[in-house]
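Every number in this text was worked out from the coordinates using simple rules, so none of it is lab data. Note that the structure is a prediction, hence the values are computed from the model and not measured. Here the Cβ positions follow ideal geometry from the backbone for every residue, glycine too, while neighbour counts run over all protein chains shown.
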Amino acid sequence: MKFGIVANTTKPALKEIIADLLTYLHKCKLQIVLANELDEWCKKNVGIDLLKNVNICSENEFVLRSDMLIALGGDGTMLSTARLVGSKGKPILGINLGKLGFLAEVSIEETHQCIDDIVQGKYFLEERMVLEAKSLSDNELFYALNEIVIDKGALPRVIELETSVDNDYMVTYSADGIILNTPTGSTAYSLASGGPIVNPSCKVITINPIAPHTLSARPVIVSDASEIKVSVKSTGHFAHITADGQVEKFYDTPTEFVVRKADYNIKLVKRKQRTYYDLLRAKLQWGKDIRTQRTAQ
């Protein structure tokens, strides 16, 4: 098996972590693939000895030459890795060097055991929906594992967002923006904006207004077979679209976007002994009494 490694090189602890990972993969006689940029970083920070017998290639070839990708970082690294993989179908294992880590859920301490489990086939692949957003102004496409956000950018005033589902008019939100998220993205921006937590196995898309100027506006969940059109009616403004908070573009208004399920999924590597609800309890600290934590401080 060939493991391709992606890493957030801004993480302070990466030097020791990637040296340990390379050493362990070599020990297990597993093949390693690095893109040129990370190879250069490793030469400067961990030395050339650990790069012996490592396959080095361009970023364009990197995904195709790997059987599985290991993403070292936080959820942001997982999202950028998912965009790198795109429709190529290669599975991603996330090792969390960040804080919360809903996507990169394997801890540093669990890395060796997780690699052993993968070699022994003790894992499964979980397919996650991807959203595709199309601008009707220029036909540009945006892809997101978590969410597509259409908002007002830095403008101080709200914008009008006429929202339709399968050509049926739903509502016009007067709001700061709108979040269209997958079940994977339900624990990201949407959760912070009052949206529901959705199990990743559900085949749905959540429509969640951002700071709507009416108390009756609530998140709406629709089938993942739906096509959602968002028309920004406010004139003299800009419409700002972002995909997973990493790819963005501004459009003159009025403008329209169509959001639907993409024609490919992202495959995440999961361990058999941990469920989604285990993850929620751990990451959201359900069941812990924060009052006692405050008292202890």
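Quick look at the numbers
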read-out	value
Distance from region 209-287 to region 154-183 (C-alpha centre basis), Å	11
15 Å Cα-Cα reach of Lys99 towards aspartates and glutamates, excluding residues that sit fewer than 8 places from it in its own chain	Asp75, Glu109
Taking the chain and dividing mean pair separation by its residue count, relative contact order in percent (alpha carbons under 8 Å, at least six apart)	17
0 to 90° range, to nearest 10: angle between helix 14-27 axis and the chain longest Cα axis	50
Residue order, fewest to most surrounding Cβ atoms within 10 angstrom, among Ile266, Ile92	Ile92, Ile266
Neighbour-count order for Ile56, Ile205, fewest beta carbons within 10 angstrom listed first	Ile56, Ile205
Helical contribution to [θ] at 222 nm, DSSP H n ≥ 4, -39,500 (n - 2.57), averaged over the chain, rounded to 500	-6500 deg cm²/dmol
Shape call, region 34-107: gyration tensor on alpha carbons, a/c limit 1.5	oblate
